[in-house]
1. Need the failing condition index for G339 against (1) surrounded by fewer than 20 Cβ atoms within 10 Å (Cβ to Cβ); (2) touching a helix residue (DSSP H, G or I) at 6+ places or on another chain (Cβ under 8 Å), just the number.
2. So for the range 246-254 (the condition being open to solvent by less than 50 Å² (accessible area, probe 1.4 Å), more than 17 Å from V172 (Cα to Cα), at pLDDT 95 or above and not in a loop (DSSP other than H, G, I, E, B)), does at least one residue qualify?
3. Kindly indicate whether any position in the range 111-119 is assigned to a helix (DSSP H, G or I), under 18 Å from V283 (Cα atoms), away from the ligand (no atom under 16 Å from the Cβ) and of a type in the set (D, E).
4. Taking the criterion of being surrounded by 23 or more Cβ atoms within 10 Å (Cβ to Cβ), in a helix (DSSP H, G or I) and free of Cβ contacts under 8 Å to residues at least 40 places away in the same chain, would at least one residue in the range 15-36 satisfy it?
5. Looking only at the range 373-403, count how many residues are surrounded by 15 or more Cβ atoms within 10 Å (Cβ to Cβ) and without any contact (Cβ under 8 Å) to a residue 40 or more places away in the chain.
6. Output the residues belonging to the range 150-167 that are surrounded by fewer than 22 Cβ atoms within 10 Å (Cβ to Cβ) and part of a loop (DSSP other than H, G, I, E, B).
7. Could you identify the single residue in G483, G477 that is at pLDDT 95 or above, surrounded by fewer than 14 Cβ atoms within 10 Å (Cβ to Cβ), of a type outside the set (V, I, T) and more than 13 Å from the ligand (Cβ to nearest atom)?
8. M446 - would you say it is under 19 Å from T189 (Cβ atoms), open to solvent by 30 Å² or more (accessible area, probe 1.4 Å) and within 16 Å of the ligand (Cβ to nearest atom)?
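The values are calculated or read from the model by the stated rules, or taken from the named source; none is laboratory data. A quick note: this is a predicted structure, and the numbers were derived from the prediction, not measured. Every residue, glycine among them, receives a Cβ derived from its backbone with ideal geometry; neighbour counts consider all protein chains shown. Please note that ligands, DNA and RNA were not included when accessible areas were found on the heavy atoms of the full protein model with its side chains. Shrake-Rupley method; radii C 1.70, N 1.55, O 1.52, S 1.80 Å.
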Amino acid sequence: MGIVTGADYIESLRGRNLKVWFLGERIAEPVDHPVIRPSINAVARTYDLAVEHPELATAWSRISGRPVNRFLHVTESVEDVVAQNKMQRRLGQLTGTCFQRCVGMDAINSLFSVTHEIDQKHGTPYQRRFRDFLVRMQEANYVIGGAMTDPKGDRSKAPAEQSDPDMFVRIVERRPGGIVLRGAKMHQTGCLNSHWILAMPTMRMRPADRDYAVVAAIPVDDPGLTFIYGRQSCDTRALEGGEIDQGNARYSGQEAMMILDDVFVPDELVFLDGETEFAAMLVERFTAYHRRSYVCKTGLGDVIIGAAALIADYNGVAAAAHVRDKLVEMAHLNESIYGAGIASSHESHETPAGNFEPDDLLANVCKHNVTRFPYEIARLAQDLAGGLVATLPSEKDFANPETGPLLRKYLKGRDGVTAEERARVLRLIENMTLGRNAVGYLTESMHGAGSPQAQRIQIARQMKLEEKKELARALAGIPGKAGTE
Ligand SMILES: Cc1cc2nc3c(=O)[nH]c(=O)nc-3n(C[C@H](O)[C@H](O)[C@H](O)COP(=O)(O)OP(=O)(O)OC[C@H]3O[C@@H](n4cnc5c(N)ncnc54)[C@H](O)[C@@H]3O)c2cc1C
């Protein structure tokens, strides 16, 4: 039987002998590392949610003929696409961080339709291979990471034009039975916490980039993979003992750089090899799913709005008009993100492969809001928190017999609220706006699934300006066709 609970999942990660580096040292067992473990707990929460609420976090799969985890499910209806967003918001609320499974979910959904269309054109066996792979993943109930972003070197140059050819993952050898991959993938969310990685191209490719147009599934414990763990602001607080100063001691996100040092991939696990014209289609389909997956941040927004309301209450200012208004503004921004994302899912259409894909324009609007609104929500949370969010003494000073009583006397808020309760909520706000989970709440919101300009390009492509000009001309009574006279 495959993995069921969060505890099963955590056990499944042990003993894989991964090559993981952090703070200049090789980590013997990531599962037991205090800085890494909270990120594993966040993924484990996705399994427990599936046990607690199967209606939300599992789905019946036509591919496997059984119920599967929703993160491994290929959408079969509009409702399936909408349900992804509902699950994502709930997991954001439960963890207050990035729970790391959306990239894989969005990768399998986009690959399902793209492999079908490549096969239609080229007679390749990619979709059959991909379905076989997916059935294995669904049965074992594994975590899949999605690896798109290459180092990219000189951003003005295409993959084949770079002075170092390894700036994008590429096929260095085609052997009977498989291919050999070399390169690196950057900012890989949850890669150590995954069982398998899907490596995909990061942008459109030209015919000269043939060796870079590759999609392949790689087991995370492949000996050719090296992981260099990304630092997060305040991460070493997890090494200090105690939990208050961590803000959210249980959960965090995870990003690492992943080096592919001549990784052999058997043919059965290759889902694109040289069909350069399909790289752009894959990136666009993936981002249609992934940019509306950022409704997960509204779950984090719910937590931070709650924290801001709590600190205002603890400080005795909950009834002040400007405080209420700031909380309303935060909720308005948060729901604006959700509104665009869930609308994109509701507007899903069927692909030629038979799965359902969200509306691309609305997905881009959702993600573009995400690049901005969490920053404003974070600003308002810091406003309501007061300066102590950045000047609060440590948990160890609370524990010290000399300073502890002074802190407990001077740091309490309104009657009935202890200094420790106040400290805990301030640390949570710090965690999400300046600390570990600001990576997930702010910077990932900015760059994950593409930096803001990437969405503006997609919005520009789809904003139907000529149609809009026609509407204006018709009502203004201007004869002829816009731009033709
Ligand atoms: C927390 C986090 C998690 C992530 N998780 C994943 C993941 O799981 N999987 C994954 O594959 N990726 C992941 N990413 C990567 C993410 O998709 C990229 O960060 C994003 O696409 C931007 O790429 P970059 O970081 O290389 O920045 P750059 O591409 O260097 O962008 C920096 C700036 O330069 C601009 N720019 C870039 N190229 C050009 C150009 N040619 N012309 C003009 N302007 C340009 C951009 O618009 C931007 O303003 C993650 C990123 C973060 C921060």
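1. Failed condition: (2).
2. yes
3. Yes: the range 111-119 contains one or more residues that are assigned to a helix (DSSP H, G or I), under 18 Å from V283 (Cα atoms), away from the ligand (no atom under 16 Å from the Cβ) and of a type in the set (D, E).
4. No; the residues of the range 15-36 include none that is surrounded by 23 or more Cβ atoms within 10 Å (Cβ to Cβ), in a helix (DSSP H, G or I) and free of Cβ contacts under 8 Å to residues at least 40 places away in the same chain.
5. Qualifying residue count, the range 373-403: 3.
6. Step one: of the range 150-167, the residues surrounded by fewer than 22 Cβ atoms within 10 Å (Cβ to Cβ) are 151-158, 160-167.
Matches in the range 150-167: P151, K152, G153, D154, R155, S156, K157, A158, Q162, S163, D164.
7. It is G477.
8. Numbers: under 19 Å from T189 (Cβ atoms): yes; open to solvent by 30 Å² or more (accessible area, probe 1.4 Å): yes; within 16 Å of the ligand (Cβ to nearest atom): yes.
When the stated conditions are applied, M446 passes them.
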